[in-house]
Amino acid sequence: MIFNHSDYNTHWKTTSLDELGTFKRGKSKHRPRNDKQLFENGVFPLVQTGEIKGANLYLNEHKASYNDFGLKQSKLWDSNTLCITIAANIAETAILSYPMCFPDSIVGFNSFKGKSTELFVHYVFTFIKRAIQNAASGSIQDNINIDFLTKLNFKIPSFDNQKQIAKVLSDLDSKIELNNKINKELEGMAKLLYDYWFVQFDFPNAKGKPYKTSGGKMVFNKELKRDIPEGWGDGTLSDIANITMGQSPPGDSYNEENIGTVFYQGCTDFGSRFPSNRKFTTQPSRYAKNGDILLSVRAPVGAINVANEDCCIGRGLASLNSKNDCISYLDGVLQYMKQIFDRRNTDGTTFGSITKGDLFSLAVVKPNEEVLRKYDTIAKPMFKKQNAIGLENQKLSELRDWLLPMLMNGQVSVGEEE
């Protein structure tokens, strides 16, 4: 496709969004996932506002499922429904890849045939999201209602032009989705390798066979309260990592105009690999370096991203890098700890925060140098590949975000392929 500068937007029609399709609120209230009456043996997918915010374009997964009783107090929406959040993380959108339930903090949109598409309206909301959020700022819990959404006016091109615009933007998003899938597979491979070597202790022995399974000598470790391979030791997270706890700079130093140092207060800005630049500060206090692992230490504890530039970190984050130049092992340790935090949160134990003392003193197994280096030889290329894919996604996102306003304002049109 080629892009032509055009004044064809003069032919666009100002339309209220309810002329393009139906908007209906979801059904059910937020419930903890450990509510057995609603979720035990659940088979009907349920998504929440946070999962919609975390999606790139399509909702491809869910964390909770209603059982038959739970479904009675909710509704199963068809695939391809556009979800729009109206409370908490407002004006976030994503499209259902398969039938799901969602609560009344989310509105479902289904387009009128020949008038518009869910995909195009997703990009409409992407374009006007910041304006909606600014309009809702300061209201009760920063929420909006369905009447506000349905009466929004917007200049809309012809149906064919809508499809062309959505095609250009969704092609970029589809590549991002594919990259995210590849990175998820790489992450799964790295977790499996770490588990095999450092949890099950079946790293290759001198003969290339699984150490523990092949009868490798194991010794009980009092600190770890478990058997570990002979010659290995125990330590704490601060033994293997340089850890910097975040500290928030003065509030009046914040800005969103790219002035000063990029600033991450917590995991709110976390992406699939790297955080998104949203806030900056002219008075940075604590720093993370490019390549450091960023760990959320407040609500929730355990979320992980990687810093792709030097940045300032607030009190919701800690930054970590390896003391022995083995970032892949440190990443494996933190991913393993994240699984523990996630499981406990699912069981109903809420981690509001983790203190510096608790974080520094988390127990870790310390393998011998030979095994550690062999592991790094295999795992580090996967870690680097994830970073490279994350950087590609960042560039694709920047291109999409650059094109979005010009396409939605009619500054450029989508031409035919030559």
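With the requirement that a residue be surrounded by 14 or more Cβ atoms within 10 Å (Cβ to Cβ) and either without any contact (Cβ under 8 Å) to a residue 24 or more places away in the chain or aliphatic (A, V, I, L, M) (or both), what does the range 241-254 give you?
Answer for the range 241-254, where residues must be surrounded by 14 or more Cβ atoms within 10 Å (Cβ to Cβ) and either without any contact (Cβ under 8 Å) to a residue 24 or more places away in the chain or aliphatic (A, V, I, L, M) (or both): Ala241, Ile243, Met245.
Report every pair of residues separated by at least 6 positions or lying on different chains whose Cβ atoms are under 7 Å apart, first residue within the range 125-139 and assigned by TED's automatic domain parsing to the domain that holds Ile106 and within 16 Å of Cys83 (Cβ to Cβ), second crowded, with 17+ Cβ neighbours inside 10 Å and at pLDDT 85 or above.
Phe125/Ile84; Phe125/Ala91; Phe125/Thr93; Thr126/Thr93; Thr126/Leu404; Lys129/Ala91; Ile132/Ile90; Ile132/Ala91
Return yes when Asn183 is polar (S, T, N, Q) and within 23 Å of the chain's Cα centre (by Cα) and no when it is not.
For Asn183, the condition - polar (S, T, N, Q) and within 23 Å of the chain's Cα centre (by Cα) - is met.
What strands (runs of 3 or more DSSP E) lie completely within the range 28-123 and have 1 or more residues being over 29 Å from Met408 (Cβ atoms) and in contact with a Ser or Thr (Cβ under 9 Å, 6 or more places away or on another chain)?
44-46, 64-66
Which residue pairs have Cβ atoms closer than 6 Å, lie 6 or more positions apart in sequence or on different chains, and pair a first residue in the range 38-50 that is on the phi > 0 side of the Ramachandran plot with a second residue that is of a type outside the set (Ser, Thr, Tyr) and assigned to a loop (DSSP other than H, G, I, E, B)?
Asn41/Asn67
What number goes with the only condition from (1) of a type in the set (Asp, Glu); (2) over 30 Å from Ile176 (Cβ atoms); (3) at pLDDT below 90 that Glu61 does not pass?
It is condition (2) that Glu61 fails.
Looking at (1) modelled with pLDDT of 95 or more; (2) touching a Leu at 6+ places or on another chain (Cβ under 9 Å), which is the only condition Met189 fails?
(2)
Of these, Leu294, Leu320, which one is in contact (Cβ under 8 Å) with a residue 40 or more places away in the chain and in contact with a Leu (Cβ under 8 Å, 6 or more places away or on another chain)?
Matching residue, one of Leu294, Leu320: Leu320.
Would you pick out the residues in the range 278-300 that are closer than 20 Å to Ala55 by Cα and at pLDDT below 90?
Within the range 278-300, Arg278, Ala299, Pro300 qualify.
From (1) free of Cβ contacts under 8 Å to residues at least 60 places away in the same chain; (2) in the same structural domain as Thr377 (by TED's automatic domain parsing); (3) assigned to a helix (DSSP H, G or I), pick out the condition that doesn't hold for Lys191.
(1)
Give the number of residues within the range 266-287 that are over 27 Å from Lys181 (Cα atoms) and either assigned to a strand (DSSP E or B) or of a type in the set (D, E, K, R) (or both).
The total comes to 5.
Give me the pairs, please: first residue somewhere in the range 365-376 and closer than 13 Å to Val333 by Cβ, second residue anywhere and surrounded by 14 or more Cβ atoms within 10 Å (Cβ to Cβ) and of a type in the set (A, V, I, L, M), beta-carbon distance under 6 Å, and either six or more positions apart or on two chains.
Filtered contacts from the range 365-376: Val365/Ile228.
Could you pull out the residue among Asn60, Asn80, Asn56 that is of a type in the set (S, T, N, Q), surrounded by 17 or more Cβ atoms within 10 Å (Cβ to Cβ) and either touching a residue at least 40 places away in the same chain (Cβ under 8 Å) or under 24 Å from Gly271 (Cα atoms) (or both)?
Asn56
Can you tell me which residue among Ser238, Ser276, Ser214 is among the hydroxyl-bearing types (Ser, Thr, Tyr) and surrounded by 15 or more Cβ atoms within 10 Å (Cβ to Cβ)?
Ser238
Within the group Asn161, Asn110, which residue is more than 23 Å from the chain's Cα centre (by Cα) and modelled with pLDDT of 95 or more?
Criteria check complete, one pass: Asn110.
The values are calculated or read from the model by the stated rules, or taken from the named source; none is laboratory data. Since the structure is predicted, the reported quantities are computational estimates derived from the model, not experimental observations. Reconstructed Cβ throughout: ideal geometry from the backbone, glycine too, with neighbour counts over all protein chains shown.
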